[in-house]
Amino acid sequence: MVTVSIKPGPTQELDQYLDDLRAHARALLNQTDALPDRVQELACSSWPDDTAVEHLVGMDYINRRIAGYLDQAKVSLRSAQPAPRDVRVRRGSYERDLPLLARGVAVHTIYPDSQRLHEPTARWVATMTESGAEVRTLPGPFQQVIIIDSRAAFIPSASAPQTDQPKAHAEATLVKDPAVVRFLVEEYEARWSAAAKWHPAPVSTEVSSLVPLAPVQSIILQLLAVGRSQDAIARELDLSIRTVSKHLAAIRNIYGVDSVSALMYEYGMECAAKRNPDAQQS
């Protein structure tokens, strides 16, 4: 009996190689499908908290670290802002600070006196103070700082670049040492006591809504009623168009209507009833 040995030819080797590539590709696709969940898991996880001082580089990274502490904030957010905040920062503040106030976190902010003449900042202050925040101003220069729950403080690094340099090069120091944070809180409170209260006139039109809305929702509804487009409202309030749309959807839900035109009709009838209460009774 003769045993014949059959060796795989080039075609068989190529087929095997292609099968291996396909299996590898399927494995990569499976990992890709799981990637969003993994990213969310990492985003929700906390950074190690075992160092007293951290050096942070890059504005996006700095903001992520601040957001991580704010997500866990239970007592207070103290901030001192010596320079005007740009549109993107104010927009993020609307989206960040209003939920803090809603869950009972005390929000204190110090601005320089000059910001009282800055209309976008005044609108921000009006909205925030209506929601329970407290804002004060100081005449002289002071250091920027963000203190969260008296357990973490963010301050600009001494080696931070100038404001006109790329934000990717921004630098900050995160301080977690209890003694140093306590010192910064005491310094902040001393400035807070010396600062003047800022209570701008509420941003509103002639008639306010009778339906209980969040302050920013009331402003959006009133601006919509006087003919502002959603894009214009977003620009005026330093909000993203997506945030305005979300608030508008919530307002429509509160009024029980499914269109902007129906919302405007209900709001118009509400305003008319407020102007002429006797007419409604008759």
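Taken together, the values in this text are just the output of simple stated rules run on the coordinates, not laboratory data. On a predicted model such as this, the values are computed, not experimentally measured, just so you know. No Cβ is skipped: glycine too gets one built from the backbone with ideal geometry, and neighbour counts run over all protein chains shown.
Grab the other residues whose beta carbon is less than 14 angstrom from that of Pro120, score K and R as +1, D and E as -1, and report the net.
Net local charge, Pro120 excluded: +3.
Just grab the label-to-label distance for Gln31 and Leu18, each label 7 Å out from Cα along the Cβ direction, in nm (one decimal).
Modelled inter-label distance: 2.5 nm.
Whose amide H sits under 5 Å from the amide H of Val145, counting only residues 5 or more places off or on another chain, with H placed in the peptide plane?
Ala80
Ordered by residue, what ³J(HN,Hα) values in Hz, to whole numbers, does region 226-234 give under the Karplus form 6.51 cos²θ - 1.76 cosθ + 1.60, where θ = phi - 60° and Gly and Pro are x?
So the Karplus estimates, Gly and Pro as x, are 9, x, 6, 7, 4, 4, 5, 5, 4 Hz.
Region 59-166: which trypsin sites (Lys or Arg not before Pro) are DSSP loop and have at most 11 other beta-carbon atoms within 10 angstrom?
Those satisfying the criteria are Lys74, Arg103.
Can you work out the PRE-style zone for Ser150? Point 7 Å along Cα to Cβ, and I want the residues of region 168-198 with backbone N under 19 Å.
175-194
Within the set of other residues whose C-beta is less than 11 Å from the C-beta of Leu56, count the net charge using Lys and Arg as +1 and Asp and Glu as -1.
On the way: positive: Arg64, Arg65; negative: Glu54, Asp60, Glu171.
Charge balance in the 11 Å sphere: -1.
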